[in-house]
Amino acid sequence: MPFRPVCTLSQLPPGALTEVAAGDRQLAICNVQGSIHAIEGVCPHRGGPLGQGALHGKVVVCPWHAWEFDCTTGQHDYNPGIQVATYAVKVEGDDILVDLP
């Protein structure tokens, strides 16, 4: 799987969340105390943009209906049967790269 650059560390300080487009996908990129995570950026509930939501610790909150997902596992906070895809991330210099199939 090719790692693709999606944003930079300087654009994503600790505690920040951002939305990025990578090919035909929307991703939510999270900086949890210096650890970078990438999840699918579309909420499975009603298609809300997760990357435009809020980050509370490692929990991403959808801005439309407040569904919450752990950005390290992709799991929904109340129903572990619901989850969004997670993607491998690596940092090279200031670049954040995500492994996309």
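The values are calculated or read from the model by the stated rules, or taken from the named source; none is laboratory data. In this text the structure is predicted, and so the values were computed from the model without any measurement. Heads up, the Cβs are rebuilt from the backbone with ideal geometry, glycines too, and the neighbour counts pull from every protein chain shown.
Which of the residues belonging to the range 7-40 are of a type in the set (Val, Ile, Thr) and more than 11 Å from the chain's Cα centre (by Cα)? Scanning the range 7-40 gives a single hit, Thr8.
The single condition from (1) in contact (Cβ under 8 Å) with a residue 24 or more places away in the chain; (2) hydrophobic (A, V, I, L, M, F, W, C); (3) out of contact with any helix residue (DSSP H, G or I) (no Cβ under 6 Å at 6 or more places or on another chain) that Val60 fails is (3).
Being loosely packed, with under 14 Cβ neighbours inside 10 Å, hydrophobic (A, V, I, L, M, F, W, C) and free of Cβ contacts under 8 Å to residues at least 12 places away in the same chain: is that true of Ala21 here?
yes
Asp24 meets the conditions (1) closer than 22 Å to Leu9 by Cβ; (2) of a type outside the set (A, V, I, L, M); (3) modelled with pLDDT under 95 in every case but one. The failed one is (1). Scanning for something among the hydroxyl-bearing types (Ser, Thr, Tyr) and either out of contact with any helix residue (DSSP H, G or I) (no Cβ under 7 Å at 6 or more places or on another chain) or closer than 13 Å to Leu97 by Cα (or both), does the range 12-34 turn up at least one residue? Checking the range 12-34: not a single residue is among the hydroxyl-bearing types (Ser, Thr, Tyr) and either out of contact with any helix residue (DSSP H, G or I) (no Cβ under 7 Å at 6 or more places or on another chain) or closer than 13 Å to Leu97 by Cα (or both).
To keep it simple, each residue is scored yes or no on (1) surrounded by 21 or more Cβ atoms within 10 Å (Cβ to Cβ); (2) within 21 Å of Asp94 (Cα to Cα); (3) among the hydroxyl-bearing types (Ser, Thr, Tyr); (4) at pLDDT 95 or above.
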{"position": "Val32", "(1), (2), (3), (4)": "no, yes, no, yes"}
{"position": "Cys43", "(1), (2), (3), (4)": "yes, no, no, yes"}
{"position": "Gly47", "(1), (2), (3), (4)": "no, no, no, yes"}
{"position": "Val59", "(1), (2), (3), (4)": "no, no, no, yes"}
{"position": "Pro63", "(1), (2), (3), (4)": "no, no, no, yes"}
{"position": "Gly74", "(1), (2), (3), (4)": "no, no, no, yes"}
{"position": "Pro80", "(1), (2), (3), (4)": "no, no, no, no"}
{"position": "Gln83", "(1), (2), (3), (4)": "no, no, no, yes"}
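Whether any residue in the range 43-51 is touching a helix residue (DSSP H, G or I) at 6+ places or on another chain (Cβ under 7 Å) and closer than 21 Å to Gly15 by Cβ is what I want to check. Checking the range 43-51: at least one residue is touching a helix residue (DSSP H, G or I) at 6+ places or on another chain (Cβ under 7 Å) and closer than 21 Å to Gly15 by Cβ. Of the strands (runs of 3 or more DSSP E) lying entirely inside the range 31-101, those carrying at least 3 residues that are within 22 Å of Phe3 (Cα to Cα) are 35-40, 89-92, 95-99.
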